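Asks: Could you have a look at this structure, given as structure tokens, before my questions?
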Amino acid sequence: MKWPRLRWRASQGIRRLGTAFLLAGQVTYHLLRGRVSLRNLIEQMALVGPASLSVALITAAFVGMVFTIQVAREFIAFGATSAVGGVLAIALARELGPVLTAVVLAGRVGSAFAAEIGTMKVTEQIDALYMLGTDPVDYLVVPRFIACVLMLPILNVLALVTGLGGGLMIADYLYGIPRGIYIESIQNFLQTWDLWSSIIKSGIFGGVVAIIGCNWGMTTTGGAKGVGQSTTAAVVISLLAIFILNFFLSWALFGGNSTLVPTF
């Protein structure tokens, strides 16, 4: 009895992934037409940005501190004290910053999108929008997509600065690394392309979180139970998509020969 049920769930998941790609195409079409609900866009930008800022910054600060604790002692033992700040900067800019900020966004915002739109779906509010001549994609999905694509890079940059500040505090007070050496290390290691790649990654991750959260909400069935299942599934699928996309983006952006020239 369990096998048919698992097969049905697998087929349902595949259909939902297919509808997610279709939804992405619809969003692209609406963006090309230039039809955006400005009021909804501002509301969603506030939800994605300022409302998520504290969680993202706290996460980045402790990640920077923990990373410094892990590498500072080893680098000091090898006489590479001047590389501590630079290595943390590269790790945060290229990987930790975009990925962890996107994970925070998926857990906080992606789940909210799925729950809100899923509730609208099972209570037939989306059908009511159709009856009023309003396209739900134009009214619900596009503002959320734009908000995530715009605000996640900003959150990522702020998280990068906060993470470096947390690392600086640990390096200075626990390991006695002078602040000047730490900051100079960041300047020597971190390149402009690292920052641009971080912004590119976070923008793509934001779009993916928005599409998955909205799509799982719009395909919700089964009442309150279905809303809970869609919310959970949206977060899980978003996390998987972030990690898988991160591999391909890292390969595309940094797959060639390293341009890093450390200065000790």
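Asks: If the requirement is being within 25 Å of the chain's Cα centre (by Cα) and surrounded by fewer than 19 Cβ atoms within 10 Å (Cβ to Cβ), which of these qualifies: Gln70, Gln44?
Replies: Gln70
Asks: Still on this structure, I have one more. Given the criteria among the charged types (D, E, K, R), part of a helix (DSSP H, G or I) and touching a Ser or Thr at 6+ places or on another chain (Cβ under 8 Å), does Arg144 qualify?
Replies: Taking the combined requirement at face value, the residue does not satisfy it.
Asks: Taking Ile200 and the conditions (1) among the β-branched types (Val, Ile, Thr); (2) within 25 Å of Gly49 (Cβ to Cβ); (3) touching a residue at least 60 places away in the same chain (Cβ under 8 Å), which numbered condition does it fall short on, given that it satisfies the others?
Replies: Failed condition: (3).
Asks: May I ask you to list pairs of residues, at least six apart or on different chains, whose Cβ atoms are under 6 Å apart, with the first in the stretch 34-45 being more than 17 Å from Ile117 (Cα to Cα) and the second being at pLDDT below 90?
Replies: Arg35/Asp138
Asks: I've got another one for you. Can you tell me which residue among Ile181, Ile211, Ile204 is assigned to a helix (DSSP H, G or I), under 30 Å from Ala234 (Cα atoms) and open to solvent by 60 Å² or more (accessible area, probe 1.4 Å)?
Replies: Exactly one of Ile181, Ile211, Ile204 is assigned to a helix (DSSP H, G or I), under 30 Å from Ala234 (Cα atoms) and open to solvent by 60 Å² or more (accessible area, probe 1.4 Å), namely Ile204.
Asks: Follow-up question, since we're still on this one. Are any of the residues in the stretch 78-87 open to solvent by 20 Å² or more (accessible area, probe 1.4 Å) and out of contact with any helix residue (DSSP H, G or I) (no Cβ under 7 Å at 6 or more places or on another chain)?
Replies: yes
Asks: In addition: Among the residues of the stretch 48-67, are any farther than 20 Å from Thr134 by Cα, open to solvent by 70 Å² or more (accessible area, probe 1.4 Å) and among the aliphatic types (A, V, I, L, M)?
Replies: yes
Asks: Within the stretch 81-98, can one find any residue that is assigned to a helix (DSSP H, G or I), without any contact (Cβ under 8 Å) to a residue 12 or more places away in the chain and of a type outside the set (Lys, Arg)?
Replies: No: the stretch 81-98 contains no residue that is assigned to a helix (DSSP H, G or I), without any contact (Cβ under 8 Å) to a residue 12 or more places away in the chain and of a type outside the set (Lys, Arg).
Asks: Which members of the stretch 47-72 meet the condition of being hydrophobic (A, V, I, L, M, F, W, C) and closer than 16 Å to Leu160 by Cβ?
Replies: Scanning the stretch 47-72 gives Leu53, Val55, Ala56, Leu57, Ile58, Ala60, Ala61, Phe62, Val63, Met65, Val66, Phe67.
A quick yes/no check of all residues on (1) within 25 Å of the chain's Cα centre (by Cα); (2) farther than 24 Å from Leu195 by Cβ:
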| site | (1), (2) |
| --- | --- |
| Ala80 | no, no |
| Val87 | yes, no |
| Glu95 | yes, no |
| Gly107 | yes, yes |
| Phe113 | yes, yes |
| Val122 | no, yes |
| Leu129 | no, yes |
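Asks: So which residues in the stretch 90-105 are small (Gly, Ala, Ser) and crowded, with 24+ Cβ neighbours inside 10 Å, if there are any at all?
Replies: Selection gives Ala93, Gly97, Ala102.
Asks: Sticking with this structure for a sec: Just to be sure, is Leu164 in contact (Cβ under 8 Å) with a residue 60 or more places away in the chain, surrounded by fewer than 23 Cβ atoms within 10 Å (Cβ to Cβ) and part of a helix (DSSP H, G or I)?
Replies: no
Asks: Taking Tyr175 as the residue in question, decide whether it is outside any helix (DSSP H, G or I) and under 19 Å from Gln70 (Cα atoms).
Replies: yes
The values are calculated or read from the model by the stated rules, or taken from the named source; none is laboratory data. Please read these numbers as outputs of a predicted model, since none were measured by experiment. Note that we place each Cβ from the backbone using ideal geometry, even for glycine, and neighbour counts take in every protein chain shown. Heavy atoms of the whole protein, side chains included, go into the accessibility calculation; ligands, DNA and RNA do not. Shrake-Rupley method; radii C 1.70, N 1.55, O 1.52, S 1.80 Å.
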